[in-house]
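S.K.: Handing you a structure now.
The values are calculated or read from the model by the stated rules, or taken from the named source; none is laboratory data. Just so we're clear, the structure is a prediction, and the values are computed from it rather than from any experiment. Neighbour counts run over all protein chains shown; Cβ positions are idealised from the backbone, glycine included. Accessible surface areas use protein heavy atoms only, side chains included; no ligands, DNA or RNA. Shrake-Rupley method; radii C 1.70, N 1.55, O 1.52, S 1.80 Å.
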Amino acid sequence: MTCYLIHFASPIGNSDSARGQAQHYLGSADDLDKRLAEHRKGTGARLMQVVTEKGIDWELARTWEGGRKEERQLKRRKNSRELCPICLQEDSK
């Protein structure tokens, strides 16, 4: 199993509140390539479906070994931006 972090080119959600916006999707999969293909088609998770419908570009930012347990641990940290190498690079500029 693989945990993965997807970075959106632009945030999605309620623009009135930074907490109401998402710029990442964190998931896990047995077959990462298959799961990413589902996300590209908009048939994976609901958030990824909306991202696809809105035409927002995204890229795989990072992976970790692990399954659902590790995914939940990462999600509980509520710091996807700090886990994302793309965001960290943008912040350092």
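S.K.: Hey, can you tell me all the residues within region 43-93 that are small (Gly, Ala, Ser) and modelled with pLDDT of 90 or more?
M.R.: Initially, region 43-93 is screened for residues small (Gly, Ala, Ser), giving 44-45, 55, 61, 66-67, 80, 92.
Correct list: ALA45, GLY55, ALA61, GLY66, GLY67, SER80.
S.K.: Which of the residues belonging to region 25-46 are touching a strand residue (DSSP E or B) at 6+ places or on another chain (Cβ under 6 Å) and surrounded by fewer than 18 Cβ atoms within 10 Å (Cβ to Cβ)?
M.R.: LEU32 - this is the single residue of region 25-46 that is touching a strand residue (DSSP E or B) at 6+ places or on another chain (Cβ under 6 Å) and surrounded by fewer than 18 Cβ atoms within 10 Å (Cβ to Cβ).
S.K.: Oh, and also: Taking region 54-90, which residues are out of contact with any helix residue (DSSP H, G or I) (no Cβ under 8 Å at 6 or more places or on another chain) and of a type in the set (Asp, Glu)?
M.R.: Result: ASP57, GLU65, GLU70, GLU71, GLU90.
S.K.: Could you list all residues from region 59-84 that are open to solvent by less than 60 Å² (accessible area, probe 1.4 Å) and without any contact (Cβ under 8 Å) to a residue 60 or more places away in the chain? Lay out the reasoning, then the answer.
M.R.: Going through region 59-84, the residues open to solvent by less than 60 Å² (accessible area, probe 1.4 Å) turn out to be 61, 64, 66-67, 71, 74, 79-80, 83-84.
Answer for region 59-84, where residues must be open to solvent by less than 60 Å² (accessible area, probe 1.4 Å) and without any contact (Cβ under 8 Å) to a residue 60 or more places away in the chain: ALA61, ASN79.
S.K.: Let me ask something else about it. Name the helices (runs of 4 or more DSSP H) wholly within region 22-93 that hold at least 2 residues that are hydrophobic (A, V, I, L, M, F, W, C)? Don't jump to the end; show me each part of the working.
M.R.: On the way: elements: 32-41, 46-53, 68-76, 80-83, 85-91.
The qualifying helices (runs of 4 or more DSSP H) are 32-41, 46-53, 85-91.
S.K.: Answer yes or no: is there a residue in region 12-19 that is exposed (fewer than 13 other Cβ atoms within 10 Å of the Cβ), modelled with pLDDT of 95 or more and of a type in the set (A, V, I, L, M). So that I can check it myself, show each step before the final result.
M.R.: Step one: of region 12-19, the residues exposed (fewer than 13 other Cβ atoms within 10 Å of the Cβ) are 14-19.
Still in the running and modelled with pLDDT of 95 or more: none.
Taking every residue of region 12-19 in turn, none turns out to be exposed (fewer than 13 other Cβ atoms within 10 Å of the Cβ), modelled with pLDDT of 95 or more and of a type in the set (A, V, I, L, M).
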